[in-house]
Amino acid sequence: MSDVNIITVSGRLTADPELRFTAKGTAVVSLRLASNHMYREKTATPGVQGELKQRTTFISASVFGHVAEVIATHKKKGELLLVTGRLEPNDWTDKDGHEHKTFQIFTDHVNFLWSGKKNGGSPGSADSPSAEGAQGRSRGEAGASSLVGAGVGNGGGDAGEDEELLY
């Protein structure tokens with residue numbers, strides 16, 4: 001049995017997506033998502049709640065093919081996405097010779113989420129993922145539109161193995 005490498009993350013885009021193409025002509029969008037985690041600080045006094053805190057984690061993801069083009073056309077900074085794919089390491093050396101390792105998600109599935117909040121792509125707004133997905137939803141209600149085949153597992157091309165990204 002092989003190991004399973006699947007990760008699902010939701011977060012808001014930290015910048016407008018920029019569409020690029022591989023040497024073989026495959027569309028690719030590199031995303032940076034800010035994923036927030038809310039928690040309460042622990043206190044020394046039993047029964048007393050600590051201060052509410054927020055921790056933000058920044059996650060990189062790559063989307064390939066037609067879905068990359070859709071994201072680049074319809075999504076903007078601050079909008080909410082849910083991405084599923086495989087986590088891949090990226091080893092690199094900076095100009096001072098220090099070695100670094102970062103990770104990014106090569107996506108297989110993308111959901112456009114909306115929360116009804118500002119910059120959240122509320123239903124009925126110009127940045128709504130689809131009129132079809134928004135039908136029957138009232139303003140302020142959460143929702144999603146799904147895009148499958150966004151990545152390497154579904155014919156989107158694997159720039160990490162057989163194509164080099166053009167920047």
> Restricting attention to the stretch 46-99, and to residues there that are of a type in the set (D, E, K, R) and exposed (fewer than 10 other Cβ atoms within 10 Å of the Cβ), which single residue is nearest to residue 6 (Cα to Cα)?
Replying inline: 91
> When you go through 111, 119 one by one, which is the residue that is modelled with pLDDT under 95, among the polar types (S, T, N, Q) and assigned to a strand (DSSP E or B)?
Replying inline: 111
> Looking at the stretch 46-66, which of its residues are assigned to a strand (DSSP E or B), among the small types (Gly, Ala, Ser) and without any contact (Cβ under 8 Å) to a residue 60 or more places away in the chain?
Replying inline: 60, 61
> From the set of residues in the stretch 37-75 that are closer than 30 Å to residue 18 by Cβ and charged (D, E, K, R), which is nearest to the chain's Cα centre (by Cα)?
Replying inline: 75
> When residues of the stretch 7-45 are filtered for being part of a loop (DSSP other than H, G, I, E, B) and surrounded by fewer than 10 Cβ atoms within 10 Å (Cβ to Cβ), how many remain?
Replying inline: 5
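The values are calculated or read from the model by the stated rules, or taken from the named source; none is laboratory data. Predicted, not measured: the structure shown is a model, and the values here were computed from it. So basically every Cβ, Gly included, is an ideal-geometry build from the backbone, and we count neighbours across all protein chains shown.
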